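Trainee: A single structure is presented below for examination.
The values are calculated or read from the model by the stated rules, or taken from the named source; none is laboratory data. Because the structure is a prediction, the values reported are computed rather than measured. All Cβ positions, glycine included, derive from the backbone under ideal geometry; neighbour counts span all protein chains shown. Side chains are part of the model used for accessible areas, which takes the heavy atoms of the whole protein and leaves out ligands, DNA and RNA. Shrake-Rupley method; radii C 1.70, N 1.55, O 1.52, S 1.80 Å.
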Amino acid sequence: MKKLIIFDLDGTLIDTIADLAGAANYALKSLDYPIHPTETIRTFVGNGINKLLERALPECEQTEINVMRMRSHFVPYYDLHNADLSQPYPGIVSLLEALQTKGVMMAVASNKYQAATEKLIRHYFPQIQFVEVLGQREGVNVKPDPTIVFDILRKANVSPEDVLYVGDSGVDMQTAINAGVDSIGVTWGFRTRAELEGFCPKGIIDKAEELLMFV
């Protein structure tokens, strides 16, 4: 039995794309750049906020200076509006409650910046006792760098073989590979089943409750 389940956040626990798109388009409009449909912005997420903003910019404007200008508009807006339209995916709350009842430790590993990650977890899952909730932190490389997983393993005091990493993207699957832990891909998020299959995870699930079979 696995002792610890590490969950990605965006696209895995919570459908955040509408609020991410709203904040990205707000930043683009603030700087007089063209905006994008939500479905286009869906393809930009997964590697942290700075990479999202870089991808949202016109190709000829994708400089570090412009990314930081975008971020100065994006972050204050997103801090106020990141729970306007976002919602946990179907079955997620019940799944987390079931795992907690079974005594399985849980943690969150996200490329979303730390303050927003903590806020969303507190807002949507106040009844769940996560052993650790980590987002993107200053000076720490984003996923697929495995540092975030190693930090969680130290906090939980578990070995890699006792861990299951759950995510919706190739970035998540590669993170698990880099950390030496088993992974489960979920199909309800921001990426395709084909992308997940390319990383040969331990399993791919279509409904939240199916995760219990692997725990």
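Trainee: Report, by residue number, each residue of the stretch 87-104 that is under 18 Å from the mean Cα position of the chain (by Cα) and not in a loop (DSSP other than H, G, I, E, B).
Mentor: Matches in the stretch 87-104: 87, 88, 92, 93, 95, 96.
Trainee: Same structure, new question: Going by what's in this entry, would residue 164 be described as closer than 21 Å to residue 90 by Cβ, assigned to a strand (DSSP E or B) and touching a strand residue (DSSP E or B) at 6+ places or on another chain (Cβ under 9 Å)?
Mentor: Yes; evaluated as a whole, the condition is true for this residue.
Trainee: Another one. Within the stretch 86-107, can you find the residues that are open to solvent by less than 10 Å² (accessible area, probe 1.4 Å) and either aromatic (Phe, Trp, Tyr) or more than 27 Å from residue 154 (Cα to Cα) (or both)?
Mentor: Scanning the stretch 86-107 gives a single hit, 86.
Residues checked against (1) open to solvent by 60 Å² or more (accessible area, probe 1.4 Å); (2) more than 18 Å from residue 146 (Cβ to Cβ); (3) hydrophobic (A, V, I, L, M, F, W, C); (4) assigned to a strand (DSSP E or B):
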site	(1), (2), (3), (4)
177	yes, no, yes, no
184	no, no, yes, yes
200	yes, no, yes, no
204	no, yes, yes, yes
210	no, yes, no, no
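Trainee: So is residue 62 within 27 Å of residue 209 (Cβ to Cβ) and either open to solvent by 80 Å² or more (accessible area, probe 1.4 Å) or not basic (Lys, Arg) (or both) or not?
Mentor: When the stated conditions are applied, residue 62 does not pass them.
Trainee: Further question: Consider residue 79 carefully, then state whether it is farther than 17 Å from residue 52 by Cα and surrounded by fewer than 20 Cβ atoms within 10 Å (Cβ to Cβ).
Mentor: No: the conditions fail for residue 79.
Trainee: Only one residue in 56, 115 is under 25 Å from residue 170 (Cα atoms) and touching a His at 6+ places or on another chain (Cβ under 7 Å). Which one?
Mentor: 56
Trainee: Sticking with this structure for a sec: So which residues in the stretch 1-58 are β-branched (Val, Ile, Thr) and either closer than 17 Å to residue 112 by Cα or open to solvent by 10 Å² or more (accessible area, probe 1.4 Å) (or both), if there are any at all?
Mentor: If the condition is that a residue be β-branched (Val, Ile, Thr) and either closer than 17 Å to residue 112 by Cα or open to solvent by 10 Å² or more (accessible area, probe 1.4 Å) (or both), then 6, 12, 14, 16, 17, 35, 38, 40, 41, 43, 45, 49 are the ones that fit.
Trainee: Could you say which residue among 196, 120, 153 is modelled with pLDDT of 95 or more, over 25 Å from residue 51 (Cα atoms) and assigned to a helix (DSSP H, G or I)?
Mentor: Just a single option satisfies the conditions, and that option is 153.
Trainee: Only residues that are in contact (Cβ under 8 Å) with a residue 24 or more places away in the chain and either surrounded by fewer than 22 Cβ atoms within 10 Å (Cβ to Cβ) or hydrophobic (A, V, I, L, M, F, W, C) (or both): list them for the stretch 186-198, please.
Mentor: Those that are in contact (Cβ under 8 Å) with a residue 24 or more places away in the chain and either surrounded by fewer than 22 Cβ atoms within 10 Å (Cβ to Cβ) or hydrophobic (A, V, I, L, M, F, W, C) (or both): 186, 188, 190, 195, 196, 198.
Trainee: Does residue 165 qualify as being of a type in the set (Phe, Trp, Tyr), in contact (Cβ under 8 Å) with a residue 12 or more places away in the chain and in contact with a Leu (Cβ under 9 Å, 6 or more places away or on another chain)?
Mentor: Answer is no for this residue.
Trainee: Let me ask you something else. Run residue 110 past the list (1) open to solvent by 30 Å² or more (accessible area, probe 1.4 Å); (2) among the hydroxyl-bearing types (Ser, Thr, Tyr); (3) under 18 Å from residue 163 (Cβ atoms) and report the number of the one that doesn't hold.
Mentor: Going through the list (1) open to solvent by 30 Å² or more (accessible area, probe 1.4 Å); (2) among the hydroxyl-bearing types (Ser, Thr, Tyr); (3) under 18 Å from residue 163 (Cβ atoms), residue 110 breaks only (1).
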